[in-house]
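Here the structure comes first, spelled out in structure tokens, and everything after it is commentary.
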Amino acid sequence: MYLATPSFRPYQTEDDYWRMREFLRLVFMANNGLERSWHVARLDYARWHLCLNCDKVRLEDIVYLWETDCDDGQEREIAAIVMPEGGPGEAHLMVHPDYHTAELEEEMLSIAEERLASTGPDVVRKLCVWSPEQDSVRQSVLSKRGYEKRSAAEHQWRRDLGQPIPDAPIAPGYTIRSLGDGLELLERCYASGLGFHEGDINTAVENRDDPTWYRNIQNAPLYRRDLDLVAVAPDGAIGAFCTIWFDDVTRSAYVEPLATVPAHRRLGLGRALLTEGLRRLRCMGATRAFVGGFSAAANALYGSVMGPKYELYEPWVKKW
């Protein structure tokens, strides 16, 4: 148990990003390989896609750190992080279990309310703070500060990979393989627009016309082309896609995103992609994989492949 009291400061340099990644790995292992704080891949995806591509925000403007001196006088260590997954309006609190106290949670929430709340046209400020369902300390503090728990929880599915992965049939004529480059990368960008913005052909076309956003994702430290999977239809169109991030330090993996183009749904493509990804991970030496689901359809798919183990990551909202 550390004795020093963590002190607050904003994110400052690129070195902070790499220290944050190491911190999340330490927290993951301290929490026995559970998502009580972010998986390191979630930080990478937040930075290289949600912040850079979607919300156009810098880490310098949204990330706040708490550090403590080590007992032996060596370099300061990160004890906690507060940041949204993209732009303001939400906050994710990541805390090393050795520092998990109501006092620190209060301080982190005060900073989040001051610097990360969104302001609507009616001048009402709003903040959504996420909490693991088991975190009674955080939930008690949130309730005391006027937050209300909402029902739109993330199901954090996990599967241990020590056993063989069952086969998943795929529709005739479709193939599953790693994403190519050139025209296929453009097709992957187009499929993303169709998969996540059903009926919005304009977004799909914009995605394909300028693939810079996908090149940004491919710059993320954990990105691997052999785990960026696509289900290709007989005519060469990408019917579904699944990107998996493998952290060989913790031997764990994180799935984000997975989607099927509407015209190719109900063919088992999502299940086949996820199954193939788990099989590849197992061959690489991964021991556990995670995927988060919100909708009933997504959770039905993930439960059928990942098995019954999941935890809830719950949103708490305050307006003032």
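The values are calculated or read from the model by the stated rules, or taken from the named source; none is laboratory data. Predicted, not measured: the structure shown is a model, and the values here were computed from it. A quick note on method: Cβ atoms are made from the backbone with ideal geometry, for glycine too, and the neighbour counts reach across all protein chains shown.
Determine the pairs where a residue that is surrounded by fewer than 16 Cβ atoms within 10 Å (Cβ to Cβ), located within the stretch 211-231, has a partner that is of a type in the set (Gly, Ala, Ser) and not in a loop (DSSP other than H, G, I, E, B) with Cβ atoms under 8 Å apart, the partner being 6 or more residues away or on another chain.
Every condition considered, the pairs that remain are ARG225/SER178; ASP226/SER178.
Tell me, yes or no, whether the stretch 150-157 has at least one residue that is without any contact (Cβ under 8 Å) to a residue 60 or more places away in the chain and either of a type in the set (Gly, Ala, Ser) or in the same structural domain as ARG279 (by TED's automatic domain parsing) (or both).
yes
Here are GLY89, GLY120, GLY73: which of them is out of contact with any Asp or Glu (no Cβ under 7 Å at 6 or more places or on another chain), among the small types (Gly, Ala, Ser), within 29 Å of HIS49 (Cα to Cα) and modelled with pLDDT under 95?
Residue meeting the stated conditions: GLY120.
Of the residues in the stretch 90-102, how many are surrounded by 17 or more Cβ atoms within 10 Å (Cβ to Cβ) and either farther than 20 Å from PHE28 by Cβ or of a type in the set (Phe, Trp, Tyr) (or both)?
2
(1) under 10 Å from VAL317 (Cα atoms); (2) exposed (fewer than 15 other Cβ atoms within 10 Å of the Cβ); (3) among the hydroxyl-bearing types (Ser, Thr, Tyr): which one isn't true of SER140, the others all being true?
Unmet condition: (1).
If the Cβ limit is 8 Å and pairs must be 6+ apart or interchain, which residue in the stretch 48-65 that is among the polar types (S, T, N, Q) pairs with which residue that is in a helix (DSSP H, G or I)?
Close Cβ pairs satisfying both conditions: ASN53/TRP213; ASN53/ASN216; ASN53/ILE217.
Identify the residue in the stretch 174-198 that is out of contact with any Asp or Glu (no Cβ under 9 Å at 6 or more places or on another chain) and touching a residue at least 60 places away in the same chain (Cβ under 8 Å) and, among all such residues, is nearest to ILE238 (Cα to Cα).
Taking the candidates together, the pick is ALA191.
Among the helices (runs of 4 or more DSSP H) lying completely within the stretch 11-89, list those that include at least 2 residues that are closer than 29 Å to ALA286 by Cα.
14-30, 40-45
In the set THR250, THR243, THR260, which member is more than 17 Å from GLY195 (Cβ to Cβ), touching a strand residue (DSSP E or B) at 6+ places or on another chain (Cβ under 9 Å), of a type in the set (Val, Ile, Thr) and not assigned by TED's automatic domain parsing to the domain that holds ASN53?
After applying the criteria, what remains is THR250.
Among residues belonging to the stretch 233-270 that are in contact with an Asp or Glu (Cβ under 6 Å, 6 or more places away or on another chain) and part of a strand (DSSP E or B), point out the one that is nearest to PHE294 (Cα to Cα).
Applying the filter and picking the extreme gives THR243.
Tell me which of these LEU312 doesn't satisfy, since it passes every other one: (1) of a type outside the set (D, E, K, R); (2) buried (at least 17 other Cβ atoms within 10 Å of the Cβ); (3) in contact (Cβ under 8 Å) with a residue 60 or more places away in the chain; (4) not in a loop (DSSP other than H, G, I, E, B).
With (1) of a type outside the set (D, E, K, R); (2) buried (at least 17 other Cβ atoms within 10 Å of the Cβ); (3) in contact (Cβ under 8 Å) with a residue 60 or more places away in the chain; (4) not in a loop (DSSP other than H, G, I, E, B) applied to LEU312, the lone miss is (2).
With the requirement that a residue be under 19 Å from LEU281 (Cβ atoms) and aromatic (Phe, Trp, Tyr), what does the stretch 203-253 give you?
Result: TYR223, PHE241, TRP245, PHE246.
Could you please let me know if GLU105 is surrounded by fewer than 14 Cβ atoms within 10 Å (Cβ to Cβ) and not assigned by TED's automatic domain parsing to the domain that holds PRO221?
Taking the combined requirement at face value, the residue does not satisfy it.
Looking at the stretch 118-136 only, could you name the residues that are in a strand (DSSP E or B) and touching a residue at least 60 places away in the same chain (Cβ under 8 Å)?
ARG125, LYS126, LEU127, CYS128, VAL129, TRP130, SER131, PRO132
Tell me which of these ALA80 doesn't satisfy, since it passes every other one: (1) of a type in the set (Gly, Ala, Ser); (2) surrounded by fewer than 17 Cβ atoms within 10 Å (Cβ to Cβ); (3) touching a Phe, Trp or Tyr at 6+ places or on another chain (Cβ under 6 Å).
For ALA80, the exception is condition (2).
Mind checking whether some residue in the stretch 268-275 is within 18 Å of the chain's Cα centre (by Cα) and of a type in the set (Val, Ile, Thr)?
So far as the stretch 268-275 goes, no, none of its residues is within 18 Å of the chain's Cα centre (by Cα) and of a type in the set (Val, Ile, Thr).
Go through the stretch 146-232 and tell me which helices (runs of 4 or more DSSP H), entirely inside it, have 3 or more residues that are polar (S, T, N, Q).
Hits in the stretch 146-232: 201-209, 212-218.
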